[in-house]
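Q: Got a structure here, written out as structure tokens. Questions coming.
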Amino acid sequence: MMTQYEQMKALIAEMDFNPYYNVVNGDDYIDLASNNYLGLAGVEATKKAAMEAIDRYGTSMCGSPVANGYIDLFRAAEKRLAEFIGLDDALIFPSCYQANTGVFVTLAGEDDLIVVDTRAHSSIMQGIKGVRCKVSPFRHNDVEHLEKILSRSGSHARRFVVTDSVFSTDGSVAPIGAVVELCGRYDAVPIVDDSHGVGVIGKTGRGALEHFGIENFGGIYTASLAKAFANNGGVLAGSFDTIEYLRHCCSHLAYSTAVPPAILGGILGAVETIEKDFAQLSKKMWDYRRRIRTSVAEAGMTVLEGSSPINAVFTGNPRNTLLLSKELHEKGVLSMAFVEPSVPQGECLVRLVAGAGLAEEQIDRACEIIGDCECVTSWS
Ligand SMILES: Cc1ncc(COP(=O)(O)O)c(C=O)c1O
């Protein structure tokens, strides 16, 4: 029996196309694979803020935040992010992957219970694996199932409920309002990864908490700063006490080299731009989304429901996925191909995200290419 990896390698060889680790020159393609939702990676204000930080502090602090890496810019970015998200305080990890792998092992113990959406991001699943406690998965976005699990969780010392806000694969938005309400009722701590929500959803782009009107969150919030924020790093936010504890006890933060000055400067620049330009940028992003979805339908393909800017085109199996991704690539469009184990078996998809940084003409061209896709006729 071939492993999944071997099967994929064979398929890639047969199709003479590998969508992964493909060296690309962004200039030559219309990039619908990126998470640059608002287009801030190319915006002057973000670039200038990053360059000014390099001028002042150099390229790296060459030390962890617990030592010499905690520059004034670091603290300023933490405070600014906490204020933006609407929580007491925040930490900035080198990546959200690192924040998600660090948080569980630091906070949870053997007597606790972690209840997690089955489709939560890989970094969350990896983080949970680091804790020797009971883990109960709940069906994707299914609050009834979540409640059933919580209602039988009385024997555990503490309960954590974990979910993404916007799922990066299918583009669905989790019922965070109901999740937080259930957590309150069953004395559980919500942990929400808002990587694809912050800078994207909410009236002013402040993410899931704003989108769902949550004022007393009482939980832990993580998000990547490498998506709508167009930088790098991962923010972890929560109450003063929790943040203070993690600041000192989470080794994934304390013993890893601090996020570099350019990134900290870039994050501050991005917050400023989002506060100023969100309305106009998000309007463009949602308009592009509508147009991409129309062109997918024109080609006879199905785009999953979802209510985020992520357009998940259902391909079902790895062969169809590669066929679509290859055709788009050959015609000049970058896409993200999701096959097992990134998605459940039989639920492969090609993800298309049209960020606000793309030009109208690029969207016109992308829609033409997508609408004329021929591979669907040879799908199995
Ligand atoms: C939901 C989610 N969480 C966490 C991460 C990891 O973020 P980072 O790239 O900052 O490590 C990603 C990135 O793919 C993500 O989609």
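The values are calculated or read from the model by the stated rules, or taken from the named source; none is laboratory data. Note that the coordinates shown come from a computational prediction; the quantities given were computed from them, not determined experimentally. For neighbour counting, all protein chains shown are included, and Cβ atoms are generated from backbone atoms with ideal geometry for every residue, glycine included. Side chains are part of the model used for accessible areas, which takes the heavy atoms of the whole protein and leaves out ligands, DNA and RNA. Shrake-Rupley method; radii C 1.70, N 1.55, O 1.52, S 1.80 Å.
Q: Of the residues Ala228, Ala262, Ala223, Ala254, only one is within 16 Å of the ligand (Cβ to nearest atom) and over 19 Å from the mean Cα position of the chain (by Cα); which?
A: Ala262
Q: Filter segment 202-235 down to the residues that are closer than 21 Å to Phe104 by Cα and open to solvent by 20 Å² or more (accessible area, probe 1.4 Å) and list them by number.
A: Scanning segment 202-235 gives a single hit, Gly218.
Q: From the set of residues in segment 186-198 that are touching a helix residue (DSSP H, G or I) at 6+ places or on another chain (Cβ under 6 Å) and in a loop (DSSP other than H, G, I, E, B), which is farthest from the ligand (Cβ to nearest atom)?
A: So the residue we want is Tyr186.
Q: Can you run down the residue pairs with Cβ atoms below 9 Å, 6 or more apart or on separate chains, where the first is in segment 1-29 and under 19 Å from Cys348 (Cα atoms) and the partner is of a type in the set (S, T, N, Q) and outside any loop (DSSP other than H, G, I, E, B)?
A: Final answer for the pair search is Phe17/Ser325; Pro19/Thr321; Pro19/Ser325.
Q: Collect the residues in segment 198-234 that are more than 16 Å from Glu83 (Cα to Cα) and small (Gly, Ala, Ser), keeping them in residue-number order.
A: Ser224, Ala226, Ala228, Ala230, Gly233
Q: Let me ask something else about it. Between Ile149, Ile128, which is away from the ligand (no atom under 16 Å from the Cβ), free of Cβ contacts under 8 Å to residues at least 40 places away in the same chain and of a type outside the set (Lys, Arg)?
A: From the options Ile149, Ile128, the qualifying one is Ile149.
Q: Also, quick follow-up: Looking only at residues that are at pLDDT 95 or above and open to solvent by less than 20 Å² (accessible area, probe 1.4 Å) in segment 36-49, which one is nearest to Asn231 (Cα to Cα)?
A: My answer is Leu40.
Q: Suppose we filter segment 199-220 for residues that are touching a Phe, Trp or Tyr at 6+ places or on another chain (Cβ under 7 Å) and either of a type outside the set (S, T, N, Q) or within 12 Å of the ligand (Cβ to nearest atom) (or both); how many remain?
A: Counting residues in segment 199-220 that are touching a Phe, Trp or Tyr at 6+ places or on another chain (Cβ under 7 Å) and either of a type outside the set (S, T, N, Q) or within 12 Å of the ligand (Cβ to nearest atom) (or both) gives 5.
Q: Can I ask one more? Give segment 26-66 a look and list any residue that's over 25 Å from the mean Cα position of the chain (by Cα), assigned to a helix (DSSP H, G or I) and not basic (Lys, Arg), or say none.
A: Scanning segment 26-66 gives Asp28, Met51, Glu52, Ala53, Ile54, Asp55, Tyr57.
Q: Within segment 77-98, track down each residue that is farther than 23 Å from Gly202 by Cα and either more than 15 Å from the ligand (Cβ to nearest atom) or in contact with a Ser or Thr (Cβ under 6 Å, 6 or more places away or on another chain) (or both).
A: Answer for segment 77-98, where residues must be farther than 23 Å from Gly202 by Cα and either more than 15 Å from the ligand (Cβ to nearest atom) or in contact with a Ser or Thr (Cβ under 6 Å, 6 or more places away or on another chain) (or both): Pro94, Tyr97.
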